[in-house]
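Structure first, then comments.
The values are calculated or read from the model by the stated rules, or taken from the named source; none is laboratory data. Fair warning: this is a prediction, and the values are worked out from it, not measured in the lab. Ideal geometry is used to build each Cβ from the backbone, glycine not excepted, and the neighbour counts take in all protein chains shown.
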Amino acid sequence: MATFITLKNGEQVKVNDHVYCSPAWSVRDGTPYSVARIMEFLPPEGASRAKGKASQPTRVRLAWYYRPGDVSDRPVADSRLLLAAIFSEITDVSQLRSKCFVVHRDKITDLAGWKKRPDRFYFNRLFDPYIKKEFEVIQSVDVRNLPDDIRKVLTTRYEYVVAEKEIVPDLTDALRNCDTCQKWCPPPECVRCDRCKRYFHMGCVQPPLIAKPTRGYGWTCAPCSRAHEEAVEGHVVGRHSTPTTKPRSNAPPARGRGRPRKDKTLAEKEEMMEVKHFKMWPFRYFGLHTVAEDTMDPDDLIFPRTTTRLGPKYQAVIPPLRGSNDPETDERGGENTIEILSLVNQMSERQVAELEARKAKLTTKPELRSSVDWLTEVIKRFSEAYLAQKDLTTADINMLDTFRLEKWKSAPTRYTDREWDEEEKAAFEHAILQHGAELRPVRDEVGTRTIAEVVRYYGHWKAGKIREELSQRRNTTSNAPAISHSRYSDEEGSIVRTAGKNFSCGACRTKDTTKWWKAPRGLSSSVLCDNCGTSWRKYADLNPLRPVREEAMAAKAKTTGEKREGTPLSAPANKRLKATNSVRSSPAPAAPSAPQMRCVACHKNGPASKVVKCQQCQMKIHAGACGFVPDPSVSEWYCDLCQNEKVAEASLNTDCVLCPRPKRDRKSKEYYPLPDTFLRACKPTEGQGWAHVVCAVFHSEIMFSDSSRLRVVEGISAIPSYRWQAKCGICKEAGGAVVKCHDCSQMYHVSCAWNRGCKFQFEMQPVKNVRRDLATTVNFKDATGHMVAVVRCKEHYDQKHQYINLCEQNEFGETALQVFCRNYKQVQVSQSHALLRKAQRLDEILLRSNPTPALNGHSETHVTPLSSSTNAPQSPAPRCAECKTSHTPFMHTVGSRFMCHRCWFDKELPTYREPPIALL
């Protein structure tokens, strides 16, 4: 057998070397390289392994390493950290890509320098793929709490020991002997006195201990307990007590964070350091569930173990069965208790041929012929016909009937799922966008399918999406011009042989590279540049500059002799290494993508920094569309409706005052603000009521006292009466206020238009120069003009005008709804009080209904409104002739003088002590 083999890149590897391993790109589906250790070389399968007949090895046995991201969903910033495993697999030699180095953490003196060098990894934990648990890995020479004979066997055979994290301090401590029998105390079987700090076997104490003390409790031996009782009786507790000191431990000290001394020769020795192996493994399990004496047996299993599953705690107590003489009892395993699924193995070759010919005629749909459920049912029905001794060519096998009667069910069931209609498919895809692969909430949103049907359909739907993406990639690469890569080997099939003009790297966005690699799914581009492609395959890292910068710096230091690897990147430019062409061609990478959430207002995904989620009702919406102002002191956000349930700031009746009164049908969810619709976003009004945000924004008369938070809603009474009396063109009801379509004469409630799918947008209208001083102009992206909120029917199509969506953001990160409300929906709070503004609006209503009110015969007294339409020019407010104030609900005209309501009430009506009619 050969000692060395040469890889396709020219490197020579031997047994116990670490290598990158990967099948072809189409097989591994875009995943990065795997890191493994060569255990042995094997001849071709079926070849003889006798001496003198050894052939060139074509197979290799590999001991795998895992990346932390492969075994858990937690992101790991260190791309050089691995998890060891006692798991091996045989693969072809052609899958070995190149050589790498993997060393235990305790053997590395300069970890920062180690990670800066290319193809260097380290590990300090082990993952067992069978029991799904991680264990600590320590050097066997650090295990001191063992008898000499066991420790000698352990240290001579194995380099490392695998154990649970909680038992590592016990293993690395000094030798512990029982104070009673003077024999070694294994950590799982020993107990320590809390006073004298001596160790005992749990069976050597009197009375024997069944279990160790619970965490937080201590145990004292009999002499210490007796001495304590005598001290308590003599009232001498604490007089001569000796201070308790922390026991000295021989465990290895914690690793410091200081900057170690760099020694290039020492680093080269570390990577070439010999590691002991016994039966091709450098470590074995020595934890809580092992017997120390079994370590001396060379055939003892080295795999991690867990607690036993035997005993009454884990076994079910089965009641005694009824007697066999009971006629109602069926014998288990008999003909009446089993159901035949297939008897093809008992059929003759002629019958199997007849079955295949008959099966091809049962359906004309190609998707059914490859369906597992359909094929299983066909085999089952043919087996039942064969069991009944019927001719398979004449047996009545009708596969048009999708129901069957199973032996253990009284009603027929489907053997295959019914077809999904368009509404179910649309609901499924919408739920997938919201909840991802959490299929139980998807099942709840679909509503007409069981969880089993949803799981099966999800598998077919995902496979279809992958097929579409792969076909698009093939079409993209096939239509691009060819590019030559003669000096690169492509045995794995991941180099793009054709380069398009608009190719850009999916990680760093560069368009200049010497070689294009195929990119994994989920990126904006189907290709990666040479730097990012190498980084992804070796380190599973799409931050292009981190590993490439390290490799470039190491290569330059090797050729020029410079030692600048410790210079920080924030140092002056003249102290940093100049970047190579490959590094300079890649700009700074984009920030790692944040979790995406789907906004209920614009139905588009956004990062968590822009889209907020209510912690109670789970509503997801852009912060600028609900008036949320980030507060560093608040970590959780609750929408106004959920917050009102706690503080009761406004009415508990959350019906919008601008919408028609909802029908009180508890079974219907149409009239209630659900968390998956924009109508859930409501704001309190000045009368402690509620109004939808979209209703308040698209009614031109309504304003906000604080436009940044979109609260409090004011000016509902300023809406003309004809808009309250008009019928909605969608729900055909007259209650609530309506708005008019921007393109036609249709009128409808805002909430009805939103549910119908009408277009809610902002239009940028140009402003003439003569009116530029009177109108408020807004700059949004590249457009400048007067911003108008418009509602349009979904049937209208207008390409001439410029419309902006609700959550569209400008260069400052503000949404269009924020910009509109800040410029057009803010009340002038600095010039008036909220109660006074409410009184002014009430004054206008009274003035419209009764222009010249008269009280108690005073016909010469008139009411002068203090406010007018927001579009009319403001005149100077009149002042009271008595108190010189201009702040009053309404001003009275007495002769040629103005008088506020209070002075008029005191002087003109001294005997009238009830509120005037105008204030009711």
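Pick from segment 111-122 the residues that are in a strand (DSSP E or B) and touching a residue at least 60 places away in the same chain (Cβ under 8 Å): which of them is farthest from TYR285 (Cα to Cα)? Spell out how you get there, then give the answer.
Pass one, segment 111-122, residues in a strand (DSSP E or B): 120-122.
Checking which are touching a residue at least 60 places away in the same chain (Cβ under 8 Å) leaves us with 120-121.
On the way: ARG120: 26, PHE121: 22 Å.
So the residue we want is ARG120.
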In segment 63-110, how many residues are among the hydrophobic types (A, V, I, L, M, F, W, C) and without any contact (Cβ under 8 Å) to a residue 12 or more places away in the chain? 2
What's the total number of residues in segment 695-725 that are crowded, with 18+ Cβ neighbours inside 10 Å and either out of contact with any Asp or Glu (no Cβ under 7 Å at 6 or more places or on another chain) or under 14 Å from CYS682 (Cβ atoms) (or both)? 13
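What strands (runs of 3 or more DSSP E), lying completely within segment 126-225, carry at least 2 residues that are in contact (Cβ under 8 Å) with a residue 24 or more places away in the chain and surrounded by 13 or more Cβ atoms within 10 Å (Cβ to Cβ)? So that I can check it myself, show each step before the final result.
Values: elements: 133-139, 160-163, 190-192, 199-201.
Ranges flagged: 133-139, 160-163, 190-192.
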Does segment 341-356 include one or more residues that are among the aliphatic types (A, V, I, L, M) and either modelled with pLDDT under 80 or touching a Pro at 6+ places or on another chain (Cβ under 9 Å) (or both)? no
Answer residue from segment 493-548, given it is in contact with a helix residue (DSSP H, G or I) (Cβ under 6 Å, 6 or more places away or on another chain) and modelled with pLDDT under 75 and is surrounded by the most Cβ atoms within 10 Å (Cβ to Cβ) among those: PRO544
Is there any pair linking a residue in segment 506-521 that is farther than 15 Å from THR534 by Cα to one that is buried (at least 19 other Cβ atoms within 10 Å of the Cβ) and of a type in the set (Phe, Trp, Tyr), with Cβ under 7 Å and at least six apart or on different chains, and which? LYS511/PHE503
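For residues that are of a type in the set (Gly, Ala, Ser) and surrounded by fewer than 18 Cβ atoms within 10 Å (Cβ to Cβ), scanning just segment 792-833, find the one that is nearest to GLU701 (Cα to Cα).
Quick first cut of segment 792-833, residues of a type in the set (Gly, Ala, Ser) only: 813, 816, 830, 832.
Now narrow it down to the ones that are surrounded by fewer than 18 Cβ atoms within 10 Å (Cβ to Cβ): 813, 830, 832.
On the way: GLY813: 27, SER830: 19, SER832: 18 Å.
Once the filter is applied, the top-ranked residue is SER832.
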Taking SER582 as the residue in question, decide whether it is among the hydroxyl-bearing types (Ser, Thr, Tyr), touching a helix residue (DSSP H, G or I) at 6+ places or on another chain (Cβ under 9 Å) and modelled with pLDDT under 65. yes
Of all the residues that make up segment 340-367, how many are surrounded by 10 or more Cβ atoms within 10 Å (Cβ to Cβ) and either among the polar types (S, T, N, Q) or closer than 14 Å to TYR386 by Cα (or both)? 14
Does MET787 meet the test of being over 27 Å from ARG680 (Cα atoms), under 41 Å from the mean Cα position of the chain (by Cα) and surrounded by 17 or more Cβ atoms within 10 Å (Cβ to Cβ)? no
Select from segment 744-793 the residues that are more than 19 Å from ALA726 (Cα to Cα) and of a type in the set (Lys, Arg) and list them in ascending order. LYS759, LYS768, ARG771, ARG772, LYS781
Across segment 371-407, the tally of residues that are touching a residue at least 60 places away in the same chain (Cβ under 8 Å) and loosely packed, with under 11 Cβ neighbours inside 10 Å stands at 1
Unique residue being surrounded by fewer than 18 Cβ atoms within 10 Å (Cβ to Cβ), of a type in the set (D, E, K, R) and out of contact with any helix residue (DSSP H, G or I) (no Cβ under 7 Å at 6 or more places or on another chain) when the list is LYS768, LYS759: LYS768
Contact list, first residue from segment 683-695 and among the polar types (S, T, N, Q), second anywhere and assigned to a loop (DSSP other than H, G, I, E, B), beta-carbon distance below 6 Å, six or more apart or interchain, is GLN688/ALA650; GLN688/SER651
